[in-house]
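The values are calculated or read from the model by the stated rules, or taken from the named source; none is laboratory data. The structure displayed is predicted, hence computed values, not measured ones. With ideal geometry, Cβ positions are generated from the backbone for all residues, glycine too; neighbour counts draw on all protein chains shown. Just so you know, the surface numbers come from the protein's heavy atoms only, side chains and all, with ligands and any DNA or RNA stripped out. Shrake-Rupley method; radii C 1.70, N 1.55, O 1.52, S 1.80 Å.
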Amino acid sequence: MDVARDISTARALFEKAERETRPELKAHALEEAVTLLASIDPEEVSDAEGKLIANLRMAHTRRLLAQLVGLTSVSMDDWFDYIGLLLGELSPEVERVTQADAQLKENYERFLGLWGEEIAGILKKQRQGAP
């Protein structure tokens, strides 16, 4: 695989996600970009490319956290897509960004709370064996 091409493609997907207004398409483009960067063989990455990858992940995580405040009417399915990214592949970046920026941390916590109580209730009912 060509590392430079993959980085360029991931950057284009991140930019597409940033411009996207439909939450499900934004999440899909973000997931594609993150997956593409994660699939690059570290053995084939130069120091400069490694820094670029880290910077892309960090910058677009920061942008996503800034945009979360606008995703107040996202469906539960889309919410899970974002949570999968934020708590999964992007969790190191989310941790760093939210520790450094109180406003982005607040955005993140508000987004987590959108469906958090409802999900907790569903999980609680499942554990209790209730229909």
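Points to keep in mind about this one:
- Every listed requirement among (1) closer than 28 Å to Ile7 by Cα; (2) open to solvent by less than 30 Å² (accessible area, probe 1.4 Å); (3) among the aromatic types (Phe, Trp, Tyr) is met by Phe111 save one, (1).
- The condition (being of a type outside the set (S, T, N, Q), touching a Ser or Thr at 6+ places or on another chain (Cβ under 7 Å), closer than 24 Å to Ala4 by Cα and part of a helix (DSSP H, G or I)) is satisfied by just one residue among Glu49, Glu93: Glu93.
- For region 74-125, the set of residues classified as in contact with a helix residue (DSSP H, G or I) (Cβ under 7 Å, 6 or more places away or on another chain) and aromatic (Phe, Trp, Tyr) consists of Trp79, Tyr82, Tyr108, Phe111, Trp115, listed by residue number.
- Some residue of region 74-91 being open to solvent by 60 Å² or more (accessible area, probe 1.4 Å) and polar (S, T, N, Q): no
- Among the residues of region 46-73, those that are touching a residue at least 40 places away in the same chain (Cβ under 8 Å) and not hydrophobic (A, V, I, L, M, F, W, C) comprise Ser46, Glu49, His60, Arg62, Arg63, Gln67, Thr72.
- Put simply, of Arg57, Arg5, Arg96, Arg63 the only residue that is at pLDDT 95 or above and either under 10 Å from the mean Cα position of the chain (by Cα) or surrounded by 14 or more Cβ atoms within 10 Å (Cβ to Cβ) (or both) is Arg57.
- Considering residues of region 99-108 that are part of a helix (DSSP H, G or I) and not small (Gly, Ala, Ser) only, the residue most open to solvent (accessible area, probe 1.4 Å): Gln99
- Search result, residues across region 28-52 that are over 15 Å from the mean Cα position of the chain (by Cα) and either surrounded by 15 or more Cβ atoms within 10 Å (Cβ to Cβ) or of a type in the set (Gly, Ala, Ser) (or both): Ser39, Ile40, Val45, Ser46, Ala48, Glu49, Gly50, Leu52
- Within region 14-27, being within 14 Å of Leu71 (Cβ to Cβ) and either polar (S, T, N, Q) or surrounded by 17 or more Cβ atoms within 10 Å (Cβ to Cβ) (or both) holds for Ala17, Thr21, Pro23, Lys26, Ala27.
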